[in-house]
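Trainee: Dropping the structure in here first, questions after.
The values are calculated or read from the model by the stated rules, or taken from the named source; none is laboratory data. Bear in mind that the values here come from a model prediction, so they are computed numbers and not experimental data. Neighbour counts run over all protein chains shown; Cβ positions are idealised from the backbone, glycine included.
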Amino acid sequence: MIEAVIFDMDGVIVDSEPLWLQAKKEAGARFGFTVTEEDGAQTVGLRIDEISQRWVRTKGLDPACADALTEAMIGQVIAQVRQLDDPMAGVRDTLGWLARSPLKVGLASSSPLRLIDAVLERFGLADHFQVRVSAEHLPLGKPHPQVYLEAAAALGVLPQHCLAIEDSVNGVIAAKAAQMTALCVPEPALYRDQRFGIADFRLPSLADFDCPQLRRLLGL
């Protein structure tokens, strides 16, 4: 039986993937390399410092610039988030619906905690989450399951009794590796991507969250 719902953040709560792509491209230009659309797609759901390390290896960068590259991307996305008006469609209604249920609610993200806090503060959502866990200082980010395992432990719920909400393939892999039930809400262009077949449920948007299948799953 599901006892907790754990949200990813980027692409689930906030439409930050376009912001990350822009930040990646501008950081690349600043540090003298090109970030393609494919580069952006391949790094969705990964921890930002791991993206920087990947580009140090694949773009021929000086390893000494990795930290500065990471900070440049994070700083730009935080600045852009503070200009947004609303979270993604269905987020407020879903969190309100969960607040009226006995389920625990957490957040598990590859993004650094300061970005998580900026997003929740911007949209006034912090009170909806009993725990928020960042993979920032964990040995590995998604698709490794540790951030989800940490969130479940902080909520006091077994991973097998958690529903994870994800938008990326890397995130779904992490959730399933943690033995959680996975709901994916991919971006429209990827909705029928066969790689999301490992998820237990798939929705076009969180606006569709209150549906019979999920009500049965959640015992509500």
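Trainee: Residues that are touching a Lys or Arg at 6+ places or on another chain (Cβ under 7 Å), at least 3 per element: which helices (runs of 4 or more DSSP H) completely within segment 4-62 meet that?
Mentor: Fully inside segment 4-62 and qualifying: nothing.
Trainee: How many of the residues in segment 59-76 are within 19 Å of Glu136 (Cα to Cα) and either of a type in the set (D, E, K, R) or in the same structural domain as Glu136 (by TED's automatic domain parsing) (or both)?
Mentor: 2
Trainee: Does Gln179 satisfy the condition of being at negative phi and either in contact with a Gly (Cβ under 7 Å, 6 or more places away or on another chain) or of a type in the set (S, T, N, Q) (or both)?
Mentor: When the stated conditions are applied, Gln179 does not pass them.
Trainee: Additional query: Where residues in segment 205-220 are in a loop (DSSP other than H, G, I, E, B) and in contact with a helix residue (DSSP H, G or I) (Cβ under 7 Å, 6 or more places away or on another chain), which of them is modelled with the highest pLDDT?
Mentor: Among those residues, the one meeting the criterion is Phe209.
Trainee: Being farther than 26 Å from Gln80 by Cα and charged (D, E, K, R) narrows it down to one of Arg122, Arg132, Arg195, so name that one.
Mentor: Of Arg122, Arg132, Arg195, the one residue that is farther than 26 Å from Gln80 by Cα and charged (D, E, K, R) is Arg195.
Trainee: Still on this structure: Among (1) over 19 Å from Phe7 (Cβ atoms); (2) buried (at least 19 other Cβ atoms within 10 Å of the Cβ); (3) not charged (D, E, K, R), where does Gln76 come up short?
Mentor: Against the list (1) over 19 Å from Phe7 (Cβ atoms); (2) buried (at least 19 other Cβ atoms within 10 Å of the Cβ); (3) not charged (D, E, K, R), Gln76 comes up short only on (2).
Trainee: Which condition number does Asp127 fail, the rest of (1) closer than 28 Å to Asp85 by Cα; (2) more than 13 Å from the chain's Cα centre (by Cα); (3) surrounded by fewer than 18 Cβ atoms within 10 Å (Cβ to Cβ); (4) modelled with pLDDT under 95 being met?
Mentor: The single condition Asp127 does not satisfy is (4).
Trainee: For the list (1) surrounded by fewer than 19 Cβ atoms within 10 Å (Cβ to Cβ); (2) in contact with a Gly (Cβ under 7 Å, 6 or more places away or on another chain); (3) under 26 Å from Ala153 (Cβ atoms), I need the number of the one condition that Arg114 fails.
Mentor: (2)
Trainee: Just to be sure before I move on: is Leu220 touching a residue at least 60 places away in the same chain (Cβ under 8 Å) and of a type outside the set (Lys, Arg) in the structure I sent?
Mentor: So Leu220 fits the description; yes.
Trainee: So Gly96 ticks every box in (1) over 25 Å from Ile2 (Cβ atoms); (2) loosely packed, with under 13 Cβ neighbours inside 10 Å; (3) not hydroxyl-bearing (Ser, Thr, Tyr) but one. Which box is left unticked?
Mentor: The failed condition is (1).
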